[in-house]
Amino acid sequence: MSVRILALVGSLRAGSHNRQLAEAGVKLAPEGAEVVLFEGLADVPFYNEDIDVEGSVPAAATKLREAALASDGFLFFSPEYNGTIPAVLKNAIDWLSRPYGAGAFGGKPVAVVGTAFGQFGGVWAQDETRKSVGIAGGKVLEDVKLSIPGSVTRFAETHPVDDAEVAAQLTEVIAHVHGHAGQAAAA
């Protein structure tokens, strides 16, 4: 049985370094794991309880929830926008946290990684993401971290999958999520 890890990227830009990092994650998934990059976060409307009712949930939000429910774990790729989590990623967490008490995270393992231009690699945003997804019901792997600074320079000529150090670190992160997801599925 393959463990399915859903990757959510907090940047909508096509050439985003965090998207490239997620693409690397798809390629580096170990045997027995599948990293699936979710497409369509830009189409999910801002969370609003008025539209989160049976028969009225927007198709894009339903697609996100279905992908999350079909997953065994999560990998968030968060850049840092003005010192915090990008709105698109926070919105995804809000949709996946509902319905209250029965959200899609359901205690599944979650790791948060990312890259940013600054010298700390977006750690503030990643910490905020961990906080939010933990409150929303995910089992945050607090000791599994990867913050890559200087993204604009580091990945100017090199895709993250071709950066040996980054590829090794990302592979280790995915292996941790895979291991925790496999334990949860076996329990």
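The values are calculated or read from the model by the stated rules, or taken from the named source; none is laboratory data. Remember, it's a predicted structure, so these values are computed and weren't measured experimentally. No Cβ is skipped: glycine too gets one built from the backbone with ideal geometry, and neighbour counts run over all protein chains shown. Heavy atoms of the whole protein, side chains included, go into the accessibility calculation; ligands, DNA and RNA do not. Shrake-Rupley method; radii C 1.70, N 1.55, O 1.52, S 1.80 Å.
Worth pointing out:
- Of all positions in region 96-107, at least one carries a residue that is out of contact with any Ser or Thr (no Cβ under 6 Å at 6 or more places or on another chain), more than 23 Å from A29 (Cα to Cα) and not in a loop (DSSP other than H, G, I, E, B).
- Residue count for region 15-31 under the criterion of being in a helix (DSSP H, G or I) and crowded, with 20+ Cβ neighbours inside 10 Å: the result is 9.
- Residue match in region 47-59 (condition: among the polar types (S, T, N, Q) and over 23 Å from A111 (Cβ atoms)): yes
- Residue under evaluation G83, criteria (1) under 15 Å from the mean Cα position of the chain (by Cα); (2) at pLDDT below 95, criterion not met: (1)
- Flag for N91 being under 18 Å from the mean Cα position of the chain (by Cα) and either closer than 25 Å to P58 by Cβ or polar (S, T, N, Q) (or both): yes
- Candidates F120, F77, filtered to the one that is modelled with pLDDT under 95 and either closer than 29 Å to E49 by Cβ or not polar (S, T, N, Q) (or both): F120
- Taking the conditions (1) assigned to a helix (DSSP H, G or I); (2) at pLDDT below 95 in turn, R130 satisfies each one other than (2).
- Selection of first residues in region 16-35 that are closer than 24 Å to F117 by Cβ and of a type in the set (A, V, I, L, M) and of second residues that are part of a helix (DSSP H, G or I) and open to solvent by 30 Å² or more (accessible area, probe 1.4 Å), restricted to Cβ pairs under 6 Å at least 6 apart or on distinct chains, gives the following pairs, ordered by first then second residue: A24/V161; L28/T171.
- For region 38-68, residues that are assigned to a helix (DSSP H, G or I) and open to solvent by 60 Å² or more (accessible area, probe 1.4 Å) total 5.
- Residue in region 166-182 that is in a loop (DSSP other than H, G, I, E, B) and open to solvent by less than 10 Å² (accessible area, probe 1.4 Å) present: no
- Qualifying residues in region 83-131 (those that are among the hydroxyl-bearing types (S, T, Y) and farther than 15 Å from E142 by Cβ) - the one least open to solvent (accessible area, probe 1.4 Å): T115
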